[in-house]
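Each remark here refers to the structure printed beneath this line.
The values are calculated or read from the model by the stated rules, or taken from the named source; none is laboratory data. Computed from a predicted model, the values in this text were never measured in an experiment. Backbone-built Cβ (ideal geometry, glycine too); neighbour counts: all protein chains shown.
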Amino acid sequence: MTTRPRTVFFRPVLLLLLVPVALSLAPGIASARAPGSVSASATIGGADIAHSSTVHPIHLYPRRATKVRLVVSNRTSSPVTIQSVDISGQVVGLSFFSFDTSVYLSVPARSTARLSFVLDLSSLSGQATGLIPGSLKLSDGNGHVVASQAMVTDVHGSLVSV
């Protein structure tokens, strides 16, 4: 008679228990909209990340090409160049997924620019499944985060992941 190890079922349950705690502790990284700042809005798979929540999360599927659309507003007096977009999810300090994409988006001073690209989420097939708090971060060529936005994701990964 064979039995399944308890840890296979325990880890997803533990993740489901930790996610509400992590979501309540996650600081609102909402992008700044103040004068003299850089802000970003984005949709992932057609869903606006600013309006994501535990009821309306951003769905991430490992076997689907997912379109990301960015709108970056530069309210500063200097041009800004975005060279990296990082979409990641963490629970209680543990990184569950991270997609860092090299881009080139030059945003002149006091202007708005748009960028669209397709994100390959195939590596999520071995990741956890369920609600995971995440973020989108835009970085310049020196690795400095110039804008960020918090979001709630629903990862459709693997029930047997760590």
So H51 clears everything in (1) within 14 Å of V152 (Cβ to Cβ); (2) touching a residue at least 24 places away in the same chain (Cβ under 8 Å); (3) surrounded by fewer than 16 Cβ atoms within 10 Å (Cβ to Cβ); (4) not β-branched (V, I, T) except one condition, right? Which one? (2)
If L136 satisfies every condition in (1) within 14 Å of A42 (Cα to Cα); (2) outside any strand (DSSP E or B) but one, which is the exception? (2)
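So that you can scan it fast, the table gives a plain yes or no per residue for (1) of a type in the set (F, W, Y); (2) at pLDDT 95 or above; (3) more than 22 Å from S116 (Cβ to Cβ); (4) not in a loop (DSSP other than H, G, I, E, B):
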| site | (1), (2), (3), (4) |
| --- | --- |
| P62 | no, no, no, no |
| R69 | no, yes, no, yes |
| T81 | no, yes, no, yes |
| G89 | no, no, no, yes |
State yes or no: is V155 surrounded by 20 or more Cβ atoms within 10 Å (Cβ to Cβ), over 20 Å from A47 (Cα atoms) and touching a residue at least 60 places away in the same chain (Cβ under 8 Å)? no
Looking at S135, S106 in this structure, which one is farther than 17 Å from Y61 by Cβ, touching a residue at least 24 places away in the same chain (Cβ under 8 Å) and surrounded by fewer than 17 Cβ atoms within 10 Å (Cβ to Cβ)? S106
Restricting to segment 94-133, count the residues that are farther than 19 Å from R75 by Cα and assigned to a strand (DSSP E or B). 19
